[in-house]
């Protein structure tokens, strides 16, 4: 995963009102956080907790009794530019979409379909039964309130509005942009911050792509996706990425090259929903295939993939609806 790694600044305080691990977002990005609890000889990892700028969310509701707790957070795909990540040097298995992993040992051995390792940072909870950790960007914002305002500005900018400087001070441009967005999104007058951030993120996802290739499920059924690439006459097809409804999977995390990218998707355990004329070999379980001809001879099946118009740009998001690949997609910068 190619990320701009920002400092994980831990402002921690006990929260005696209830037993939980609480994460506060003092950044201008919508974050998705995964947490892990290690109690020898087992580790348990779960995610993703969505935290809008200026918000605090309970990432774990149980009393904190494990030996070690860790966290990894990443910015929403809705934000333009390179993806941001908050973590450390301890690799653990995660999955796109909601997940809950429990395994013997703390080392990342990612055997489940769609699982991959990300680096987590340990938290020093000082033996407390409840704890709050604040995630910061650099330079740090002054308060959660400032993070909320800068977060709104950033998402308005991600949606193509002119908001002036990305700082914690209100201005006329931001007010005008916010009013225009509320009207465009048909937000009711009484819609609060949660509804506003959800609408801003949803719309920005249609326009922006972090570096790499992401697959977003805008439909109602769980999907399995495979991606094939062609560059310099060589092909490779890989699968499967599990993409629950409303979630996105990162099939490629590095900037895209100048080759061609082809997508195949099917409903979980069901019929194909994204297909096309370009044939590649696939397998029933996790696979990587460099073969395109005579798939049965290689113990594989043949499937038709749809070419996606990445146009040699650095990032692309493929959106899949209930009836197939949605037009347009989203492309990042060259």
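For segment 270-293, the condition of being on the phi > 0 side of the Ramachandran plot, at pLDDT below 90 and part of a loop (DSSP other than H, G, I, E, B) holds for none of the residues.
When you check residue 250 against the structure, is it surrounded by fewer than 24 Cβ atoms within 10 Å (Cβ to Cβ), more than 14 Å from the chain's Cα centre (by Cα) and either part of a strand (DSSP E or B) or outside the structural domain of residue 180 (by TED's automatic domain parsing) (or both), yes or no? No; evaluated as a whole, the condition is false for this residue. Of all residues in segment 50-70, those satisfying the criterion of being more than 27 Å from residue 167 (Cβ to Cβ) and either in contact with a strand residue (DSSP E or B) (Cβ under 9 Å, 6 or more places away or on another chain) or crowded, with 22+ Cβ neighbours inside 10 Å (or both) are 58, 59, 60, 61, 62, 64, 65, 66, 67, 68, 69, 70.
Every residue in segment 294-319 that is surrounded by fewer than 16 Cβ atoms within 10 Å (Cβ to Cβ) and outside any strand (DSSP E or B), please.
294, 296, 297, 298, 299, 309, 311, 312, listed by residue number.
Looking across segment 5-31, the residues that are in a strand (DSSP E or B) and modelled with pLDDT under 95 come down to 5, 13.
Is there a residue being more than 17 Å from residue 129 (Cα to Cα), in contact (Cβ under 8 Å) with a residue 40 or more places away in the chain and either in the same structural domain as residue 94 (by TED's automatic domain parsing) or in contact with a helix residue (DSSP H, G or I) (Cβ under 6 Å, 6 or more places away or on another chain) (or both) anywhere in segment 58-70? No, segment 58-70 contains no residue that is more than 17 Å from residue 129 (Cα to Cα), in contact (Cβ under 8 Å) with a residue 40 or more places away in the chain and either in the same structural domain as residue 94 (by TED's automatic domain parsing) or in contact with a helix residue (DSSP H, G or I) (Cβ under 6 Å, 6 or more places away or on another chain) (or both). How many of the residues in segment 131-190 are surrounded by 15 or more Cβ atoms within 10 Å (Cβ to Cβ) and in a helix (DSSP H, G or I)? Qualifying residue count, segment 131-190: 21. Filtered by the rule that a residue be buried (at least 17 other Cβ atoms within 10 Å of the Cβ) and at pLDDT below 70, segment 101-116 gives 106, 108, 114.
The values are calculated or read from the model by the stated rules, or taken from the named source; none is laboratory data. Note that the coordinates shown come from a computational prediction; the quantities given were computed from them, not determined experimentally. Note that each Cβ is placed from the backbone with ideal geometry, even for glycine, and that neighbours are counted across all protein chains shown.
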